[in-house]
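Down below is the structure, laid out as structure tokens.
The values are calculated or read from the model by the stated rules, or taken from the named source; none is laboratory data. Predicted, not measured: the structure shown is a model, and the values here were computed from it. For neighbour counting, all protein chains shown are included, and Cβ atoms are generated from backbone atoms with ideal geometry for every residue, glycine included.
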Amino acid sequence: MIRGLAAAVGKGLFAGAAGTAAMTVSSIVEMKLRGRPPSTTPAKAVETVLEREPRSEQAEQRFSNLVHWGYGTAWGAFRGLVGFAGLHGPPAAVAHPSPSGEPRSLCSLRSGSHRHLRSGGPPSSAWTRSIISCTRP
């Protein structure tokens, strides 16, 4: 059982890192095509929670990369645990908790949490259907 659990977490960590790498490549391509600067949203979300300010733009960018990779890789490990528990498909998607502990959709997990933490928006328990489905009203 311990080996199976360790294998599930290991596979999840690998998958999380691979998924984060794929997202990073697509973001870099999009950033170059649009001519926009790198995003600091991951750093700003954590800075808001920790009530800290970056010392410089370079420090914020490094911290943003650290948060981006840590977040994606850690969710891979969590997904490995969910699979080890026998959950797959929609039940596995719903099993991903929000920071306050209640389940929510993967879409809100990925885009809603950063957006609303950064803007000081409502807690996830008060999110509207358009926020959860990642559509704009």
Collect the residues in segment 5-14 that are more than 10 Å from Ala74 (Cα to Cα) and surrounded by 15 or more Cβ atoms within 10 Å (Cβ to Cβ), keeping them in residue-number order. Ala8, Lys11
So which of Pro91, Pro97 is more than 21 Å from Ala21 (Cβ to Cβ), touching a strand residue (DSSP E or B) at 6+ places or on another chain (Cβ under 8 Å) and at pLDDT below 90? Pro97
Of all the residues that make up segment 36-50, how many are within 19 Å of the chain's Cα centre (by Cα), in a loop (DSSP other than H, G, I, E, B) and surrounded by fewer than 16 Cβ atoms within 10 Å (Cβ to Cβ)? 2
Within the set of pairs 6+ apart or on separate chains, which have a first residue in segment 48-77 that is in the same structural domain as Ala22 (by TED's automatic domain parsing) and aromatic (Phe, Trp, Tyr), a second that is modelled with pLDDT of 90 or more and in a helix (DSSP H, G or I), and C-beta atoms under 6 Å apart? Trp69/Thr20; Trp75/Gly16
In the set Ile2, Ile28, which member is free of Cβ contacts under 8 Å to residues at least 12 places away in the same chain, out of contact with any strand residue (DSSP E or B) (no Cβ under 8 Å at 6 or more places or on another chain) and loosely packed, with under 11 Cβ neighbours inside 10 Å? Ile2
Top-ranked residue in segment 5-30 [being in contact with a Ser or Thr (Cβ under 8 Å, 6 or more places away or on another chain) and hydrophobic (A, V, I, L, M, F, W, C); ranked as farthest from Phe84 (Cα to Cα)]: Ala17
